[in-house]
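No lab work stands behind these numbers, since they all come straight from the coordinates. Small disclaimer: the values here were computed from a predicted structure and weren't measured. Every residue, glycine as well, gets a Cβ built from its backbone with ideal geometry; the counts of neighbours run over all protein chains shown.
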Amino acid sequence: MLDYKESLKQHGLKNSKQRNLLIKLLSNADGIMTAEEIYLALKKQEEKINLSTVYRILEAFVEKGLVVKSTFPSSNTCVFTLKHLEHSHHLICLKCKKTVSLPHCPLKEFEHSIEKETNFNITDHNLELYGYCNNCK
């Protein structure tokens, strides 16, 4: 089980009830969520929080590397998911938002060749592929 207070501390963030609620919600989510979906889920739990607060917390989490922010290419909708400890890449369904983690990183060799070619020290990357899952196509 994720220790929310410890996770905030490790990422250099102050502990607060609202931050803990948001981390807990994202850690229990089946996939990606928009800020609005997070806000409505917290309101459904009868938590007192503003949409602007949800956005501020999410941006702080993204900046500190606790949450991954993605943008759907067709609608410019931003979605968020808790960053997992293990390195992973995802397939994301444009209709139902189902996410599937790829079993391995297909970019390792490509990344090494880019480093050699450009003399650029790559420290991280993220790969998201968008399309339609079996149920939605």
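Summing +1 for each Lys or Arg and -1 for each Asp or Glu among the other residues whose beta-carbon sits under 15 angstrom from that of SER52 gives +1.
Relative to the longest principal axis of the C-alpha atoms of the chain, give the angle of the C-alpha long axis of helix 51-64, reported between 0 and 90° and rounded to the nearest 10°. Approximately 40 degrees, to the nearest 10. Shown here for the range 1-67: trypsin sites (Lys or Arg not before Pro) in loop regions (DSSP other than H, G, I, E, B) with at most 15 other Cβ atoms within 10 Å, namely LYS14, LYS48.
So how far apart, in nm, are the two label points at SER88 and LYS9 if each is 7 Å from Cα heading toward Cβ? According to this spin-label approximation, the distance is 2.6 nm.
Can you give the net charge of the other residues whose Cβ lies under 14 Å from the Cβ of TYR130, counting K and R as +1 and D and E as -1? Charge balance in the 14 Å sphere: +3. Between ASN121 and LYS44, the simple spin-label model (points 7 angstrom out along Cα→Cβ) gives 4.5 nm.
Applying 0.36 nm per residue to the separation of LYS108 and ASN20 and subtracting their alpha-carbon distance, the gain on full extension is 28.3 nm.
Going down the list LYS83/LYS108; LYS64/LYS95; LYS43/LYS64; LYS24/LYS44; LYS48/LYS95; LYS69/LYS137, which pairs span over 23 Å between their C-alpha atoms?
LYS64/LYS95; LYS43/LYS64; LYS48/LYS95; LYS69/LYS137
Can you give the longest stretch of the chain with no exposed loop site, where a site means GluC sites (Glu not before Pro) in a DSSP loop (not H, G, I, E or B) with at most 15 other C-beta atoms within 10 Å? Formally, the longest exposed-site-free interval is 87-137.
Compute the normalised compactness of the range 1-85: alpha-carbon radius of gyration over 2.2 N^0.38 Å, N being the residue count. Spell out each step's value before the answer.
Details: Rg = 12.1 Å, N = 85, 2.2 N^0.38 = 11.9 Å.
Cα-based Rg divided by the globular estimate yields 1.02.
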